Amino acid sequence: MSVRTLTIDGQPVAIAEGATILEAAKEAGIHIPTLCFLEGVSAVAACRMCLVEVEGISKLLPACVTQVAEEMVVHTNTPKLQEYRRMTVELLFAEGNHVCSICVANGNCELQDAAIKVGMDHTRFPYRFPNRSVDVSHPQFGIDHNRCILCTRCVRVCDEIEGAHVWDVAQRGTAAYIVSGLNQPWGEVDACTSCGKCVDACPTGAIFRKGTTTAEKQRDRAKLEFLVNAREKHEWTR
Amino acid sequence: MSKIKFATVWLAGCSGCHMSFLDLDEWLIELAEYVEVVYSPVGSDLKEYPEGVDVCLVEGGVANEDNLELIHLIRKRTKTLVSFGDCAVTANVPAMRNMLGGSEPVLRRGYLELADETPQLPYAPGIVPELLDRVLPVHEVVPVDIYMPGCPPDAHRIKATIEPLLKGEKPKMEGRDMIKFG
Ligand code: SF4
Ligand code: SF4
Ligand code: SF4
Ligand code: FES
């Protein structure tokens, strides 16, 4: 396997060919913020939180899906990136209906964490107030589309780890939303094994356990990583 | 040192932010040494928003004609306007009617469909303010100087925000201690 050498924030990094900038940065101990990225499932670059600057390329590139190249010079925390990251988070808040005070994930939400990290105390973009629904037809879980940021973590976890492929994205642009089955109520989708992996994967309060009230949502993110490790590296204990 | 002219205002909110303000307990006595309360639903009984206010905390979103008129007056007469709590910063709970498509369906539901007796829409120009079609966060109507999110912001955060203002400094709204939604 050939090795690529590159520079991230002035630090030299060597990593296997085919690795992503996100992996290389992790290797070098440099943190790049992410939202749609989830360890153990494929990367899709849906949220654009992980944008980086690469010298010689005028576009900002998502670190989670951009492969490293020989002598690449990457910057992960320039003022320009900080500004764009803040805008990304502001847009995510303005795009859905995030009423944090009534959310099951309040205080335990990756979107809130991102807001704090980028220093967002308000959004400069006008709120859209879209009309979205809630599906509580599943006996154990519910999905509140108001809080969904379309990261598709649930889609990938259910397909790639559980193998049930309950979720998909329907429509396009502002009309896009997550569907279960062929747009059936979740409770009527036979493929769902009620494993709860999508609850653990969801970064916001969009997918939750029924009976969970404001600020009560707990996830077991390590469970997902454990399952992937168990399968790939045959490590069967936590 | 002359006292700072201090105001608090209650637009479309539940008054929870003002309750949290009262949670400052004994510190309020200290605060009283620095400020003159010129307008506040919990601190004075003045009906007219005065001129030359130094600092004003605004709770709530802009939801009706009265809120709209008052917020423009506040902006004109205030040096430092603080968006106080999630309803002011994001429109929050009062704005949940925005998803229902304007004021009309909400009024119909509340006053006609759910009425037990004599269903009628409230209509009293000059007495009952008309609802705006959309509830708006304060900064979508007038410029805001400082944002203090939280539903409500707790007393510590209120103190940490207004203490620097008393010295003419700007508070640093950074990190988990100062930024918290919900
Ligand atoms: S509970 Fe499991 S099977 Fe059902 S949708 Fe979620 S991840 Fe898929
Ligand atoms: S429901 Fe949750 S995990 Fe699925 S796309 Fe929406 S925010 Fe992401
Ligand atoms: S932010 Fe919360 S506590 Fe403050 S007025 Fe709004 S609903 Fe009430
Ligand atoms: S983490 Fe890379 S685009 Fe979402």
Per residue Cα convex hull volume for chain A, in cubic angstrom? 143
Point-to-point label distance, residue A:221-residue B:46, nm (Cα→Cβ direction, 7 Å offset): 4.9
At the level of C-alpha centres, the distance separating segment A:167-222 and segment A:102-136, in angstrom, is 17
What number of lysine-lysine pairs in segment A:118-238 show an alpha-carbon separation below 17 angstrom, given a sequence spacing of 8 or more or placement on distinct chains? 4
Taking the alpha-carbon distance from residue B:180 and a cut-off under 15 Å, which aspartates and glutamates remain once sequence neighbours fewer than 8 residues away in the same chain are dropped? A:90, A:110, A:113, A:121, B:86, B:154
Beta bridge orientation in the protein assembly as shown: antiparallel %, DSSP, nearest 5: 55
How many square angstrom of accessible surface are buried between B and A, both sides summed, with a 1.4 Å probe and rounding to 100? 1900
What spacing in nm lies between the two simple spin-label points modelled at residue A:171 and residue A:113, each 7 Å away from Cα in the Cβ direction? 2.9
In short, segment A:86-126 residues buried by 50 Å² or more of accessible area relative to the isolated chain (1.4 Å probe) are A:99, A:101, A:116, A:121, A:122
Which percent of the accessible heavy-atom area of segment A:20-168 goes to carbon and sulfur, probe 1.4 angstrom? 52
Extending each Cα 7 Å along its Cβ direction at residue A:210 and residue B:109, get the distance between those two points in nm, one decimal. 2.3
Diffusion constant of segment A:95-195 at 4 °C, which comes from Stokes-Einstein with the Kirkwood Cα-pair radius and 1.567 mPa s, µm²/s: 86
Quick one: how many Å² of residue B:100 are accessible to a 1.4 Å probe, rounded to 10? 110
Quick check: with the 1.4 Å probe, what order do A:167, A:236, B:27 take by accessible area, largest first? A:236, B:27, A:167
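Per residue, how much accessible area does segment A:44-136 have with a 1.4 Å probe, in Å²?
43
Ordering A:88, A:174 from largest to smallest accessible area (1.4 angstrom probe), what's the sequence?
Reading off the accessible areas and sorting them downward yields A:174, A:88.
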In square angstrom, what is the accessible area per residue of segment B:62-152 with a 1.4 angstrom probe? 51
Here P(r) for chain B, Cα-Cα distances in 10 Å bins, as whole percents, is 9, 36, 33, 15, 6, 1
Can you compute log10 of I(q)/I(0) for segment B:87-182 with the Debye formula, treating each Cα as one identical point scatterer, at q = 0.22 Å⁻¹? -1.12
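The values are calculated or read from the model by the stated rules, or taken from the named source; none is laboratory data. This one's a predicted model, so the numbers in the text were calculated from it and none came from an experiment. Note that we place each Cβ from the backbone using ideal geometry, even for glycine, and neighbour counts take in every protein chain shown. In case anyone asks, the SASA skips ligands and DNA or RNA and just uses the protein heavy atoms, side chains included. Shrake-Rupley method; radii C 1.70, N 1.55, O 1.52, S 1.80 Å.
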